[in-house]
Amino acid sequence: MPKDTGIGASSKRREDVRFLSGRGNYTDDLAMHGQTYAVFVRSNVAHGRIKSIDTSAASKMPGVLAIFTGEDFKDVGGNPAGWLINSRDGTPMREPKRPVLAHGKVRHVGDAYAAVVAETYNQAKDAAQQLADDSEIEELPAIVDMRKAVADPSNRVHDEIPDNLCFDWGWIEDNRAAVDAAFKSAPHITTLELVNNRLVPNAMEPRSSIGEYFPGTGDYKLTTTSQNPHLTRLLVSAFVLGIPENKLTVVAPDVGGGFGSKIYHYGEEALVLAASRKLGRPVRWTAERTESFLTDAHGRDHVTKIEMASTKDGEILAIRTETLANVGAYLSNFSTATPTFLHGTLMAGPYKVPHVYVNVKTVFTNTAPVDAYRGAGRPEATFSIERIVDKMCRELGLDPFEVRRKNLIQPDQFPYTTPVGLVYDTGNYQATLDKLIELADVAGFEGRAAASKAKGKLRGMGLSTWIEACGIAPSNLVGVLGSRVGLYDAATVRVNATGNISVMTGAHSHGQGHETVFAQIVAEKLGIAESSVEIVHGDTSKIPFGMGSYGSRSLAVCGAAMTKAVDKIIAKGKKIAAHMLEASENDIVFADGKFSVAGTDKAKSFGEIAFSAYVPHNYPLETLEPGLEETAFYDPANFTYPAGAYLCEVEVDPETGKVDIASFTCADDFGHVMNPMIVEGQVHGGVGQGIGQALLENTAYDENGQLLTASYMDYAMPRADDVPFYTVDHSCVTPCTHNPLGVKGCGEAGAIGSPPAVVNAVIDALHRGGHTHVKHIDMPVSPSRVWQAING
Amino acid sequence: MTKVTMTVNGKTVSGEVEGRTLLSSFLREGLGLTGTHVGCDTSQCGACVVHLDGKAVKSCTMFAADAAGASVKTIEGMNNPDGSLSVVQQAFQDHHGLQCGFCTPGMVMSSAALLAENPKPTEAEIRHYLEGNICRCTGYHNIVKAVLAASGQDAAAMAAE
Amino acid sequence: MHNFDFVKPSSIADAVKALSKEGAQALSGGQTLTPTMKQRLAAPTVLVSLTGIDEMKGVCLGEDGLSIGAATPHAVVAKEAAKHYPALAMLAGGIGDPAVRNRGTIGGSLANNDPAACYPAGVLGSGATVVTNRRKIAADDYFQGMFTTALEEGEIITGVTFPIPEKAAYVKFNQPASRFALTAVFVAKFKDGVRVAVTGASNDGVFRWSEAEKALSGHFAASAVEGLSVSSDGMIGDLHGTPAYRANLVKVLTKRAVAAAQ
């Protein structure tokens, strides 16, 4: 029987009621008394020298209150990169300053070099256009293509960086000789060059920020679309504006999706704060969709050469990769971690590969900054590995299911140390593969292929067995790897006098349903009704210092912190119960929401204990504090390692090249599942994004650095009729060994595992249709590319 | 500025608008009905869908002055009179048809318009009808399921978990 | 966007008068013009809404064929033309999305003449007549290249009259992002011959594929097109497809339209 409440129940989401009734509170929904509007003046060239900005006409326009340029911020700090990566030769990465507003040079289309604040949005917009007309920007040659940026660094994105490289990273440098030796003696080598296409995250809520300054106290408040308000506060305080942390509150109210793009601090946030101080009035800004396309941190954008050494019967002996990773014009906060420690460390996949070496050169270009987008580094690793395993099978005439089965780490080999620095704690990759074969009815494929053929379509089947490292992250480990922040999380459980509970979490929910799931967990642990637990998140003045939500970390890290805090509540409750029941603390047991003396019928309900905590008459104050509120910080011992197996079936129309997803099946191991409904929803969403990457989404800059796909007219988002019903399963469970809930995280899985399954399926369909010359098609596998490949 | 009068969620409302004031701006800023969202500039994402005289329209692609005299229904007008969720809204909650909630108002308005035109749509009809509403969170699975359920069909039988 | 005066006349005569003002522009459903104005690529000082003119709305079958008022939304055409001219109704029902179809109008689409719009193919493929406040314009004379038409200053489309063919079909291949036609073909078989109109493919906008018309007029079957080849010269090349790809689509979609014609 499925549970109907608590851990493991598909509790309906409580947050839905406000969202479905139009009563959400997204940043742009909030009206402020006396508010003003900021509009940014953005570069329309990819690379240029700012010769002059004449503010005289714009500043006299109706309603204009203030104009800011890069000059106003030249003496404040820059927005820093969160990870320091060293090159192979030990030199530290190059870190150009990322200013609030561009100063001296503009470095990508959309780079803001001025801002206007006015009484109304339209007045600000009119003046911004005037200011753009009155700005002289000398266009410089744009550096767009990574290969050209590296091959010919005579043009530089940053004058002080001579080779356009942020770093040249090797992982693990000590592996290199053994890897090269393995290739020298390998019976078979498979080689593949591929592009992991640049994506625009496209959270449906555009970024939006409101700055407020309170002259009476000198306090500031930033209301903003953020996945982690404490990080934003830290960056604004310690690095950019120098506002003391205790004078700045950052609130991320309802946030309409993030997918990585709202992890980071952006210059617009600093601008509205600085402007609100200058004007003494709230200053608001909301991105137009085209601004989002031009300035939200993009994702992926790797060009990779991968080689795989194997035996003739498909045993993988070594993997070697060379990747160019685009960081765009400036380093976004996690941009240096994404192509390195979230990518190189996963390059063994779920396989027993003895030797792996990864080289990543990270390249500056005159394009928008690139950073973590759902999956972040792990989709790139998974795509490279799963594509080359498939190619190897095809070259050697081997069955892709059997080759994977042969190479998967065996259940009895855990904990398993990979050659690229991770220790997988637990897993059963055979189990998810077996489950997948059953659920996807692989045995019935030939029949379906014949039916497709009768319609003039080519059917293909593509497999992907994937693993990721998430639950980001152990601070100890990431500290060694270059992280400049800790990646613990925190929760406070406040038991109110009447027995209901407020839980303040460092995790932030922007679609994941924390308000429901976290309440389920606390309710179960304390034996009380879910409706008695309220989850508070997103406001630095209310919550403990946590690190927000990304990297599938909310439950694995913040959930663990919350569980620890609940354990402390129970321990404190036992003390109170011992006092009230006149028993020894050691004799008190807590079960079913009651504290009782073991072996007796003496008991106090949770509510009675709570009330007593706040009405502490007759307390032994030397040994028992009043109150019932506990905070816990939790820093994981390891990453978590969700894994699974995905199968995609496609139908290709050989005349037009159009690919239809006929079916998509997922068998995942997420460890214990807290709310199956929500977990399945996360997988659906991830797979939808993965299908988008594989078939539709293309972020294209022309050679001058103009973004050709700057709106939904040209950037193809997956729509309802582009995707099928998915089949998802999470019944294979190997609980995480090192967090108290045994959870692994599920938010990124779908986006990591799905793109290679789709592309493998398309290649399979073409081969079955006789187009055996097609070895690879880069994503997005659009109709015209498929048609070109068939007819090429 | 000119004065426009229209009926919104059953109430007669008036306001001063410029020629360029979009219906979405009038609803959000003029009337404080912020449930209608704006997610793009090109009339494609559908977060701003409202009903204009019973038909789904994109309120960011229509001027407020053009809606003078019309009857407009927004997401705030969808709940039952007692404040409970209507059948379509309830189906979205029951089937987890929303995550971040930003596209949801438009999705609900479009879905309600579909069911008014076609009370028992097929899966394909639902997917086709919702092509003008973009969701980045759900992969559409549970949205389609919710609309099937709202139409009284056995969604669980049609969509595997 | 820049500000403007909004006027909403209730007769064609009043609309024409309002449009005679300096900087005035007609607004029909606004599904293209409004986003264009948001980008400040159009900045009329007076916007004249045509949606309040009852004499410009409706679908009606007459002696000359099917007449559609210029301000009739696509959704209405999709519904009301279905029993008279199913291929045209299907075309209208596939434009944009339902919310766009409730606002966008046939007159607005034809006046704009986007090279990837659907209606130009239906009008040219049917040999329809574009009716304005001043005259009647044959489809063959109306379309004059991408975003260019025979309309003169101050002239507004009031309706379109479609002769009804024996058989017709419209097959559209979507541009995956905008869902405009990457390429689409309208085929109509009349007693005296076949017309084939292609949209989305050419740098010159909608065009008739005369070789296919000739072949199909002789033998109305997909096989009649098989031996023809389409030159990629002058075809649109962009992110979504090369000229050669579009040339291929012209032929593939024509065959499919012939097979689907009813």
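Values in this text are rule-based calculations from the coordinates and carry no lab data. Quick caveat: nothing in here was measured; it's all calculated off a predicted structure. Here the Cβ positions follow ideal geometry from the backbone for every residue, glycine too, while neighbour counts run over all protein chains shown.
Can you give the net charge of the other residues whose Cβ lies under 10 Å from the Cβ of A:Ser11, counting K and R as +1 and D and E as -1?
+2
Karplus couplings for region A:379-384 from phi (6.51 cos²θ - 1.76 cosθ + 1.60, θ = phi - 60°), rounded to Hz, Gly and Pro as x?
Karplus values, whole Hz, x for Gly and Pro: x, 5, 4, 5, 4, 4.
How crowded by other chains is C:1-7, given as the mean number of beta carbons from other chains within 10 Å of each beta carbon?
Mean partner shielding for this stretch: 6.
List the residues whose amide H sits under 5 Å from the amide H of A:Leu248, counting only those 5 or more places along or on another chain, with H placed 1.01 Å from N in the peptide plane.
A:Tyr220
Taking a ≥ b ≥ c as the square roots of the Cα gyration tensor eigenvalues, with a/c under 1.5 meaning rounded and otherwise prolate when a/b beats b/c, else oblate, which class fits region C:167-260? Walk me through the intermediate numbers first.
On the way: a/c = 2.06, a/b = 1.68, b/c = 1.23.
Prolate is the answer for region C:167-260, as a/c is 1.5 or above and a/b outweighs b/c.
So if I place +1 on the C-beta of Lys and Arg and -1 on the C-beta of Asp and Glu, and nothing else carries charge, what would the dipole magnitude of region C:54-162 be about its Cα centre? I want it in debye, nearest 20.
With only Lys, Arg, Asp and Glu charged at Cβ, the dipole is about 320 debye.
Among A:Leu396, A:Gln130, A:Gly267, whose Cα sits farthest toward the positive end of the charge dipole of chain A (+1 at Cβ of Lys/Arg, -1 at Cβ of Asp/Glu, about the Cα centre)?
A:Leu396
Among A:547-560, A:564-577, A:327-340, C:210-223, how do they line up from the highest to the lowest mean number of other beta-carbon atoms within 10 Å?
A:547-560, A:327-340, A:564-577, C:210-223
Stretch A:Phe239-A:Asp592 to full length: gain in nm at 0.36 nm per residue minus the Cα-Cα span?
Using 0.36 nm per residue and subtracting the Cα-Cα distance, I get 122.2 nm.
Mind checking A:249-259 for the average number of partner chain beta-carbons within 10 Å of each residue's beta-carbon?
3
For B:Ala157 and A:Thr737, what is the calculated FRET efficiency with R₀ set at 30 Å and r taken between the beta-carbons, to the nearest 0.05?
Given R0 = 30 Å and the Cβ-Cβ separation, E is 0.20.
If contacts are Cα pairs under 8 angstrom and at least 6 residues apart, what is the relative contact order of chain A in percent?
Once normalised by length, the contact order is 15 percent.
Just rank A:Trp83, A:Trp169, A:Trp466, fewest to most, by other beta-carbon atoms within 10 angstrom.
Working: A:Trp83 22, A:Trp169 25, A:Trp466 30.
By the 10 Å Cβ count, ascending: A:Trp83, A:Trp169, A:Trp466.
What is the dipole size for chain B, taken about its Cα centre, with +1 at each Lys and Arg Cβ and -1 at each Asp and Glu Cβ, in debye to the nearest 20? Show your work: numbers first, answer last.
Details: 11 positive and 15 negative charges, 40 e Å.
Rounded to the nearest 20 debye, it is 200 debye.
Can you compute the charge dipole magnitude of the protein assembly as shown about its Cα centre, using +1 on each Lys and Arg Cβ and -1 on each Asp and Glu Cβ, nothing else charged? Give it in debye, rounded to the nearest 20.
Rounded to the nearest 20 debye, it is 880 debye.
Given A:Lys457/C:Lys172; A:Lys12/A:Lys457; B:Lys120/C:Lys251; A:Lys221/A:Lys568; A:Lys105/B:Lys58; B:Lys73/C:Lys79, which pairs have Cα atoms separated by over 30 Å?
A:Lys12/A:Lys457; B:Lys120/C:Lys251; A:Lys221/A:Lys568; A:Lys105/B:Lys58
Would you mind calculating the relative contact order of region C:123-178 from Cα pairs under 8 angstrom and at least 6 residues apart, reporting the percent as a whole number? Provide the component values of the computation, followed by the final result.
Values: 59 pairs, mean separation 20.9, N = 56.
With pairs under 8 Å counted, the relative contact order is 37 percent.
What number, rounded to the nearest 500 deg cm²/dmol, is the helix-based mean residue ellipticity at 222 nm of chain B, given -39500 (n - 2.57) per DSSP H run of at least four residues and division by all its residues?
Mean residue ellipticity at 222 nm (helix-derived): -7500 deg cm²/dmol.
Can you tell me the relative contact order of region A:572-700? Whole percent, Cα pairs under 8 Å, sequence separation 6 or more.
Values: 116 pairs, mean separation 16.7, N = 129.
Across region A:572-700, relative contact order equals 13 percent.
Taking H placed 1.01 Å from N in the peptide plane, check which residues at least 5 places from A:Lys3 or on another chain put their amide H under 5 Å from its amide H.
Amide H neighbours of A:Lys3, under 5 Å, 5+ apart: none.
Return the sequence-ordered ³J(HN,Hα) values of region B:4-13 in whole Hz as given by the Karplus equation 6.51 cos²θ - 1.76 cosθ + 1.60 applied to θ = phi - 60°, using x for Gly and Pro.
Ordered by residue, 3J(HN,Hα) equals 10, 10, 8, 9, 10, 6, x, 10, 7, 10 Hz.
Which residue fluctuates most in the GNM of chain B (Cα springs below 10 Å): B:Lys11, B:Lys120, B:Lys55?
B:Lys11
Per-residue ellipticity at 222 nm for chain C, helices alone: DSSP H runs ≥ 4 residues times -39500 (n - 2.57), over residue total, nearest 500 deg cm²/dmol?
Roughly -8500 deg cm²/dmol at 222 nm, from the helical runs in chain C.
Could you tally the net charge around A:Ile609, taking each other residue with its Cβ under 12 Å from the Cβ of A:Ile609, Lys/Arg +1 and Asp/Glu -1?
That sum, taken over residues with Cβ under 12 Å, equals +4.
By counting other Cβ atoms within 10 Å of each Cβ, how are A:Phe183, C:Phe162 ranked from fewest to most?
Numbers: A:Phe183 18, C:Phe162 27.
Ordered by Cβ neighbours within 10 Å, fewest first: A:Phe183, C:Phe162.
Which pairs in the list A:Lys305/A:Lys361; A:Lys312/A:Lys352; A:Lys60/B:Lys3 are over 24 Å apart, alpha-carbon to alpha-carbon?
A:Lys60/B:Lys3
Tally Lys and Arg at +1 and Asp and Glu at -1 over the other residues with C-beta under 14 Å from the C-beta of C:Asp204: what net charge comes out?
Computed value for this residue: -1.
How much mean residue ellipticity at 222 nm does chain A get from its helices, if each DSSP H run of length 4 or more adds -39500 (n - 2.57) and you divide by all residues, to the nearest 500 deg cm²/dmol?
The helix contribution divided over chain A gives -8000 deg cm²/dmol.
Given A:Pro783, B:Cys103, A:Gly479, which one lies farthest toward the positive end of the charge dipole of the protein assembly as shown, if we put +1 on the Cβ of every Lys and Arg and -1 on the Cβ of every Asp and Glu?
A:Pro783
Have a look at B:Leu52, A:Met580, A:Ala309 and report the one farthest towards the positive end of the charge dipole of the protein assembly as shown, computed about the Cα centre with Cβ charges (Lys/Arg +1, Asp/Glu -1).
B:Leu52
³J(HN,Hα) across region B:52-64 via Karplus (A = 6.51, B = -1.76, C = 1.60, θ = phi - 60°), whole Hz, x for Gly/Pro?
10, 6, x, 10, 5, 9, 8, 6, 7, 10, 8, 7, 4
What nm distance separates the two modelled labels at A:Lys305 and A:Gln410, each placed 7 Å from Cα along Cα→Cβ?
Calculated label separation equals 3.7 nm.
Calculate, in nm to one decimal, what A:Val536 and A:Glu160 gain on full extension: separation in residues at 0.36 nm each, minus their alpha carbon distance.
130.8 nm
Under a 5 Å amide H to amide H cut-off, with H placed in plane at 1.01 Å, what residues pair with A:Ser731 once short-range neighbours are removed?
Excluding prolines and chain starts, which carry no amide H, the hits are A:Asp668.
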